[in-house]
Amino acid sequence: MSARRLFGLLLCASLLAASGPARGEPSAPLPPANEPLRVLGGVRPPPLHVEYFQYGVAIVAETNLDAGAVCAPQGGKAAPCILGGAGGLAIRGGYRSAGPWYIGGAYQFAKMDSSNLYRLGIFQQLRFEMRYLPDFGTRAAPYASWGIGALAYGNEWGVETGGGLLFGGLGVEIELSRVAILGFGLVYRPMLIAGWTDTAGAVRATGVAHFLGAEFQFELRSEIGRR
């Protein structure tokens, strides 16, 4: 073997030794085949958050806990109570954030038991509503709700009296799919009702009536944004 060829072999061996790991240091292990790749810096991108327009209907029932001065005797004479139980429908829609908040409005109408003083007593509500829905990572999500609104009451969709209301309640939403939801809620509503004279000539004083409401909800979501 010539000296030139021997020198070339020694040079190649030294270059290969310099490019490999240092003596005594283990080479970096290869990641398992099933391990997901990581982005530069070891930080994964944040999850995609979606905002929705949420809307739907609810079957509602109202129970009169206390009619207050509206059904109190006037001038020593007691008239039949014009505020009884009620059942009807609520229509609502609002903004569902990427976080735990829902902000919206609802219109509700219900046929109220008026002790036959009205042919068809219709009790209407227009409400501003909020919900707080903590995320527990399950399809069933409990929520707290509260809000404020206005009311109207009269015979056959007429308006003979009105007032305002507050409410607070608890409920649960169950995701049937990404866009379809079933829910159930209970709410307590104190309502300030202005005094009036009903169709039977009975004077109704201004008072605060207390109702307990129940709702069975069906709602849909439409995607409106991502962030």
Within region 84-105, which residues have the backbone N less than 12 Å from the label spot 7 Å out from ALA200 along Cα→beta-carbon, could you tell me? 84
With a/c under 1.5 counting as rounded, go ahead and sort region 180-227 into rounded, prolate or oblate using the C-alpha gyration tensor (a ≥ b ≥ c being the square roots of the eigenvalues; past the cut-off, prolate if a/b is larger than b/c, else oblate). prolate
Tell me, what ³J(HN,Hα) does each residue in region 50-55 have, in order and in whole Hz, if you take phi through Karplus 6.51 cos²θ - 1.76 cosθ + 1.60 with θ = phi - 60° and put x for Gly and Pro? 10, 9, 9, 9, 10, 8
Hz values of 3J(HN,Hα) by residue in region 122-134 - Karplus curve (6.51, -1.76, 1.60), Gly and Pro given as x: 10, 9, 10, 9, 10, 10, 9, 10, 9, 10, 10, 10, x
Accessible-area order (highest first, 1.4 angstrom probe) of the listed residues HIS210, HIS49: HIS49, HIS210
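Just the accessible area per residue of region 124-172, please: how many Å² with a 1.4 Å probe? Don't skip to the answer; put the middle values down first.
On the way: 2420 Å² over 49 residues.
In whole numbers, region 124-172 has 49 Å² accessible per residue.
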Residues meeting the amide H criterion for GLN74 (H placed from the backbone, H to H distance under 5 Å, 5 or more places apart or on another chain) are ALA79
Averaging over all projection directions, find the projected area of the Cα convex hull of region 73-165 and quote it in nm² with one decimal place. 7.8
Amide H contacts of GLY85 (H built 1.01 Å from N, under 5 Å, at least 5 apart or other chain): ASN64, ASP113
What FRET efficiency, computed as 1/(1 + (r/R0)^6) with R0 = 30 Å and r the Cβ-Cβ distance, is obtained for MET130 and GLU156, rounded to the nearest 0.05? 0.35
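The values are calculated or read from the model by the stated rules, or taken from the named source; none is laboratory data. Note that this is a predicted model, so its numbers are computed, not measured. For neighbour counting, all protein chains shown are included, and Cβ atoms are generated from backbone atoms with ideal geometry for every residue, glycine included. The protein model used for the area step is the full one, side chains on, heavy atoms only, and it has no ligands, DNA or RNA in it. Shrake-Rupley method; radii C 1.70, N 1.55, O 1.52, S 1.80 Å.
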